[in-house]
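Worksheet: one structure, shown below.
The values are calculated or read from the model by the stated rules, or taken from the named source; none is laboratory data. This one's a predicted model, so the numbers in the text were calculated from it and none came from an experiment. Here the Cβ positions follow ideal geometry from the backbone for every residue, glycine too, while neighbour counts run over all protein chains shown.
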Amino acid sequence: MGSLLQFFPAPYIVYMGSASNSNVNGDDDLSHLKLLSSLIPSEESETSFLLNSYNHAFKGFSAMLTQNEASLVSGHDEVVSVFPDPVLQLHTTRSWDFLRVPNSKIRSGFHYDDHINSADVIIGIIDTGIWPESPSFNDHGIGKIPSKWKGDCMEAFDFKKSNCNRKLIGARFYRSQNSTNAANSPRDSVGHGTHTASTAAGSTVGNASYYGLARGIARGGLPGARIASYKVCNDAGCSGSTILKAIDDAIKDGVDIISISIGGGSVSQPDFLSDPIAIGAFHAQEKGVMVVCSAGNDGPNPYTVGNTAPWIFTVAASSIDRNFRSTILLGNNKSYEGTAVNFSPLTLGKRYPLVSGERVAARFTPPSDARNCKPGSVDAKKAAGKIVVCVSSDKSVTRRIKKLVVEDARAKGVIIISEPPPNSATFDSGTYPYAEVGQKIGSQILHYIKSTKKPTATILGTREVKNFKPAPVAASFSSRGPATLTENILKGWTYMAAIVPRIESNYDAPANKTSLFRIRSGTSMACPHVTGAVAFIKSVHPHWSSSIIKSALMTTEIIWFIVLRKLKILCRAASASNNMGRPLTNASYYAANPHEVGVGEINPIKALDPGLAFKTTIKDHLRFLCYYGYEHKVIISISSSHKRFTCPRNSTEQLISDINYPTISIGRLNQHNDDGPKRVKRVVTNMGSPNVTYVVSSVNAPPGLIVKIRPKKIVFSEGLRRASFKVWFDGKRASKGYNFGDIRWSDGSHNVRVIFAVNIE
C-alpha cells in the first residue's frame with residue numbers, strides 16, 4: 001500500500017527562502033506554475049496545482065504533488081526545502097489582575113493612557129476565526145485605524161465588511177479543499193479564536209461572568225489594541241501551508257505581533273526547515289514582528305514542548321489565584337473538595353448510590369477498562385441513577401470522554417481520580433454533576449466504597465474560590481522541556497474570555513441559556529496572555545525590538561509581599577515563587593524546575609523597566625542554524641538582511657549555548673571533561689539610566705555544580721550601553737542529569753534573573 005501512495009498527489013510545502021533572494025519575476029502564481037512545469041512532465045502536470053503562494057516576507061508555495069514530483073522540485077536551485085503539508089492542531093479576567101497589568105494607568109513613573117498609547121498596536125490572531133458581535137470587540141472610544149494597516153476585511157455568506165470596526169480591523173479566511181461552508185468565512189464556529197483574541201486584546205466589558213462564575217470585568221491584556229483575525233483551521237485541523245500563508249499576509253498587512261495557539265504533537269517534532277510555524281516566525285522576526293506560540297498540552301512528561309525555535313516566544317501554562325471547587329459529600333457526612341466547573345442540580349438533601357467503575361462494567365469488559373470508564377465499558381443498567389468513580393491510569397481516555405461515557409450510561413454523576421491532582425478546572429461539564437480529585441482524596445473515597453454496605457454521595461455545584469493558594473502552579477497538561485531538537489536553548493490555566501454564543505450539542509447549559517463568556521484552559525489560552533503582555537510593553541516602548549521585549553519578560557520578577565504573622569515583617573519573593581512565598585510547584589506540589597515552568601510567571605509592569613536586556617539578533621539566529629548543522633548556502637538563502645554572513649569555523653551543536661539568549665542551557669556537560677569547565681558568554685545592554693553599576697547579587701546552584709562569573713561587576717559609564725560577562729560551569733562533583741539554578745544581577749533597584757539548566761553526563 002505504501003508503494004502505491006507515492007503515485008497519488010498530496011499537499012506539499014515548497015519553501016524558497018527569503019523573498020529578496022528569489023530570481024523569479026512576474027506574477028507569483030504564474031512563476032510558481034512555470035517552475036513546476038519546468039520540472040514535471042506535461043502529462044503529469046495536470047495532477048499538480050497550486051494551493052497557496054508566498055511572496056511578501058518569504059518565497060514559496062504549496063501544491064498537490066506526488067512523492068516523485070516533490071523529489072524533483074526539491075532539487076531546484078532556488079528551493080530550500082520541500083516537505084509534506086502537516087495538519088496541526090489547536091492547543092486547546094482575573095488573570096490580568098493576577099499578572100499585575102493595569103486597566104488604565106501605570107503609577108510607576110510611566111504615563112500610560114489605554115487608548116492613546118495602545119491604539120497603534122496591531123495583534124494578528126492566527127486561529128479559528130472570530131465572532132465579531134462579541135462585546136469584547138466593540139470599538140467604543142477607539143480612534144481611527146492606523147495608517148500602517150494594509151489588511152482586508154474579507155466577506156463571506158455570513159460575514160460582511162461592516163462586521164469589522166476600529167477594534168476588529170481585519171479578518172481573513174483561507175479556502176480549503178473538502179471543507180464545510182463554515183470554514184470559508186472569517187466567522188468563528190468553534191470559539192477558540194474568539195477566546196484567544198479577547199484574551200490578548202479584548203475591550204473592557206463590565207459585569208462579565210460565566211453563568212455567575214468568575215464575575216467581574218473581562219478585558220484583554222491591551223484593551224485598546226487592534227485585532228486582525230486570520231482563520232486557518234477547519235474541521236480537519238490547521239494545515240501548515242495555510243498557517244504559512246496567514247503569517248505572510250499578517251506581515252504584509254502591518255501587524256506588530258502574531259499569536260499562534262497551534263502546534264503539532266510532541267511525538268515527532270519537525271526539523272526547523274520542515275516546520276511551517278518556525279519558518280514563518282523566522283521571517284516575521286526578521287521583519288520586526290514578534291511571534292508568540294503555545295508550548296502544547298502534552299505534559300507532564302519531559303521532551304514534549306513544541307514550537308521550540310529560539311526566535312519564537314514559547315508559552316507554557318500555569319494557574320492563577322482563582323479556582324473552581326465542587327463539594328463531594330459522602331453518606332458518612334465526610335466531605336471533600338474536588339476541582340470542577342459544573343452547574344450540578346444535585347442538593348444536600350439527597351444522596352445517590354456510589355460505585356467504582358468496575359462495579360458497573362459491561363459484559364466481557366476488562367476491569368481496567370471499566371475503572372478508566374473507557375467507551376463501551378460501562379453497563380447502563382448497572383450505572384443508571386448512580387454516581388460513578390473513574391480513575392485515570394489510562395491517559396488515552398480523556399476526562400471529557402469519561403464524563404460522556406458515564407453520562408450516556410444514565411449515571412447521576414461522575415468523580416474522576418487523577419494523578420497528578422488537578423490544580424485548576426480542565427473543562428466544563430455543564431449541568432452534569434462532575435468533580436475531579438487527586439490520588440489522596442480518591443483513595444479515601446474508594447476506601448469508603450469498599451468498607452460500606454450501601455455507599456452514597458452527592459456532588460454539589462461549583463463555587464468560585466478567590467485568592468486561592470498556592471498560585472501559580474505549573475499546569476499538569478502543559479508540555480515540558482527540554483526540546484527534542486536541541487537541549488541547548490531553555491524556553492522560557494483557567495481563563496475566562498469571549499466565546500461563540502451557541503449551545504453545544506453535547507453540552508447542557510444552565511436554564512438552557514447562552515453565555516457570551518466561557519472558561520477554558522490549555523497553553524492555547526496562556527499564549528494570548530503573553531501576547532497581550534507583549535502588546536502592552538510595545539505600546540509603552542514602541543521602538544523596542546522583539547528580543548528586548550522577550551528578554552524583559554524573561555528576566556524580571558513578580559514580587560509577592562507576604563506578611564509573616566509572628567515576625568510581623570514583609571518578605572519579598574521572586575518570580576520563582578508563588579503567592580505563599582514558596583518555590584513554584586508542579587501539579588503534584590513538588591518544587592518545579594525550569595523545564596516545567598520556564599522562567600516562571602511574567603510581570604509586564606516590571607518588564608517595562610528591566611534594567612538590562614539580552615539582545616538576540618538575526619545573526620544569532622543564523623549562527624544557531626550553523627551550529628545546528630545546516631549548510632551555509634541554505635542559511636544564506638533564508639536571510640534577506642545578511643547576504644555576506646558566514647558560519648563560524650568548527651560549528652557544532654554545543655556552541656548553541658553561546659547564543660545571546662536570556663537563559664543558559666547546556667545540553668551536555670561531561671562530568672569527566674578533560675577540557676575543563678564549560679564556558680558561555682552573554683552580552684547585556686543597559687536599558688536604564690547611564691552611570692550605573694551592576695553586580696552579581698546571588699548565584700543559586702545545586703550542590704556540586706560550581707558556577708563562576710567574570711566579571712562580577714559591570715560598570716556602565718557615560719556612553720557605554722553594552723557589556724559582556726562569561727559564566728563557567730564545572731560539573732565534576734555535580735549530580736548526573738539536569739542541574740538548575742539562576743544568576744542575579746542588581747544595581748540596587750533592578751534585579752535581572754538569568755536561569756540556567758546544565759545536563760551532567
Does region 325-340 include one or more residues that are closer than 30 Å to SER551 by Cα and either at pLDDT below 80 or out of contact with any strand residue (DSSP E or B) (no Cβ under 9 Å at 6 or more places or on another chain) (or both)?
no
Of the residues VAL406, VAL388, VAL414, only one is in a helix (DSSP H, G or I), modelled with pLDDT of 90 or more and not aromatic (Phe, Trp, Tyr); which?
VAL406
Looking only at region 662-679, count how many residues are within 24 Å of VAL599 (Cα to Cα) and surrounded by fewer than 20 Cβ atoms within 10 Å (Cβ to Cβ).
3
Looking at the structure I just gave you, is SER31 modelled with pLDDT of 55 or more and within 24 Å of VAL634 (Cβ to Cβ)?
yes
How many residues of region 691-715 are closer than 16 Å to LYS726 by Cβ, surrounded by 15 or more Cβ atoms within 10 Å (Cβ to Cβ) and not aliphatic (A, V, I, L, M)? The answer is 1
Can you name the residue in region 637-661 that is assigned to a helix (DSSP H, G or I) and among the aliphatic types (A, V, I, L, M) and is also surrounded by the fewest Cβ atoms within 10 Å (Cβ to Cβ) among such residues?
LEU655
Restricting attention to region 249-305, the residues that are under 24 Å from TYR174 (Cα atoms), touching a Cys at 6+ places or on another chain (Cβ under 9 Å) and modelled with pLDDT under 85 number exactly 2
Counting only residues that are part of a loop (DSSP other than H, G, I, E, B) and more than 17 Å from SER136 (Cβ to Cβ), how many does region 151-173 have?
7
Could you check, for region 719-737, whether at least one of its residues is among the aromatic types (Phe, Trp, Tyr) and more than 34 Å from the chain's Cα centre (by Cα)?
no
Answer from THR347, THR308 - the residue that is assigned to a loop (DSSP other than H, G, I, E, B), within 18 Å of the chain's Cα centre (by Cα) and modelled with pLDDT under 95:
THR308
Those residues of region 667-683 which are touching a Gly at 6+ places or on another chain (Cβ under 9 Å) and either in a loop (DSSP other than H, G, I, E, B) or among the hydrophobic types (A, V, I, L, M, F, W, C) (or both), in sequence order
LEU669, ASN670, GLN671, ASN673, PRO677
